[in-house]
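What follows is calculated from the coordinates using simple rules that are stated; it is not laboratory data. Because the structure is a prediction, the values reported are computed rather than measured. We place every Cβ from the backbone using ideal geometry, glycine too, and count neighbours over all the protein chains shown.
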Amino acid sequence: MEQLTLEEVLAAKEARQERQQALRLRTALPLVSITLNIPGPIKDSEVLRSLCRAAADALGALFTVAAEERTYATTGPEILLALDAVAAEIKAAAVELEESRSYGRLWDIDVFTADGELLSRQQQGRHRSCLLCAADARLCMRERRHSAAELASAVQQKLLSFQAEQTRRVRPAAEKLAVLAVEAMLYEVAATPAPGLVDRANSGAHQDMDIFTFLSSSAALSHTLGRCAEAAFRHKGTLEELLPLLRVLGLEGERSMLAATRGVNTQKGLLFSLGLAVAAAAWVLHKGEPLHAEAVLTAAAEMVQGIVEAELKSLARKKPEELTAGERLYLEYGVQGIRGEVAAALPAVRLCGLPKLREALAAGLSVNDALVQTLLELFMTVDDTTVMNRHDVETMRGWVRQQTTAVLASGGMLAADGQQRLAKMDALFIARNISPGGAADMLAVTWFLHRLEDWRYEQE
């Protein structure tokens, strides 16, 4: 977008003042003028309009609105309200709104008396704080304490906070997607026996969690998953532009998960992959397309395009002690983890998980046994970073797959011998502290996508 000229800004200000005077004279009531504090060239967008309307709605919930005018221009959205209330009370409420919300600093709410007097914060002994710090905004601006890039980043974070808040009330379709996602999480942990993993029989290779920890975690994440879907339903831009908002929601969900589990990381990785899958499904639905797994996975891949290059390929500049376990795996072995998997449209799920699950169900296996059989197949496909981080790449690609090959060759859950071998495999994994959590996450995503097919048939 082209930079606004000074003439355009001044003309917009003059036009706004004329509208203010006309509305005030027509109503003979205190007047509220709502604009936004948005540094940079882009002053108008659907998100900014929504933010401006949110301020108007909040004041409208507190006072009687006698008249309202909305103007959307390249210089930014503007809303005028004539309120049947005491001007000083309106100003106090406006200041409270600006200061009580994480994004409220982006609002510029001016209040005029019926006589046209502009009420100031200073009259209430308060100053407008800086976008980045608690200091007086006028002082920071005068001394140029913050760069344009810092200001732009602060504004972006506040806008993301606003967008995140708008997802708290989810529509029925988003709620239904969340229900299917939580079902997938619960089915994954319930599938038994799951070698090295928490299941209904034991805690696998884990000392700090059991099945009840997972149940609590899944319940805590249910609303977050619905909000991920709601964010996609609301989104007006490209799929890549949706990812930053999903990250904000994911961090909120992670905090809820850790609170529910008393600090135990049960499903952080699954929250990333399943959150993207839920959002991608909502996006496909919003476009009016059938919920085919391929379409959902393609949308998820589009969301994270460039993420590997942006987050992993710059790691060579980091000091060794600054690297995470996943980052070290990438540098040493080229393992891209869940980022790379999603960017490639989850080939483990698309080419292995879904076909093998459907094959197992078609063979007459129960849901439990079909899930376990599919999990074994995923062991053979997924480069499981959970195993690699606990041990090494050779253990994952060598020993784990050798054990899995033997069980599958004996029939797995399709044969009594395979089931006996599987029980021994579980004991071996526990003894060696091997927990294939990455494959387990892919199993949950597999079940979620499988269930979306049922949704498609219901819709038809």
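Order 440-453, 29-42 from most to least packed using the mean count of other Cβ atoms within 10 Å.
Those peptides, ordered most packed to least, come out 440-453, 29-42.
Put a dot 7 Å past each Cα toward the Cβ at N368 and R200; how far apart are the dots in nm?
Result: 0.3 nm between the two label points.
Got the relative contact order for segment 170-459 handy, in percent, Cα pairs under 8 Å and 6 or more residues apart? Numbers along the way, then the final one.
On the way: 428 pairs, mean separation 72.1, N = 290.
Once divided by the residue count of segment 170-459, the mean separation gives 25 percent.
Measure nothing but the geometry: give the 0 to 90° angle between the long axis through the Cα atoms of 293-303 and the longest principal axis through the Cα atoms of the chain, rounded to 10°.
50
At a threshold of 8 angstrom on Cα-Cα distance, excluding pairs fewer than six apart, so keeping six or more, what relative contact order does segment 291-427 reach in percent?
On the way: 112 pairs, mean separation 25.7, N = 137.
Taking the mean separation of contacting Cα pairs over the length of segment 291-427, I get 19 percent.
Over segment 6-160, with a single point scatterer placed on each C-alpha, what log10 of the ratio I(q)/I(0) does the Debye formula yield at q = 0.11, 0.13, 0.18 1/Å?
Relative scattering, expressed as log10 I(q)/I(0), comes to -0.43, -0.60, -1.17.
Output the 0 to 90 degree angle, nearest 10, between the alpha-carbon long axis of helix 268-286 and the longest principal axis computed from the alpha carbons of the chain.
70
Quick check: pseudo-label points 7 Å beyond the Cα along Cα→Cβ at R121 and E18, how many nm apart are they?
3.0
Short version: what are the Cα gyration tensor semi-axes of the chain, square root of 5 times each eigenvalue, largest first, in whole Å?
53, 23, 19
Straight distance only, please: which lysines reach the Cα of K158 with their own Cα at less than 19 Å, same-chain residues fewer than 8 apart left out?
K43, K236
Restricting attention to the alpha-carbon atoms of segment 232-293, what are Rg (one decimal) and Dmax (integer), both in Å?
Taking only Cα atoms of segment 232-293, I get Rg and Dmax of 13.4, 41 Å.
Measuring from label point to label point, each 7 Å out along Cα→Cβ, what is the H391 to L351 span in nm?
2.4
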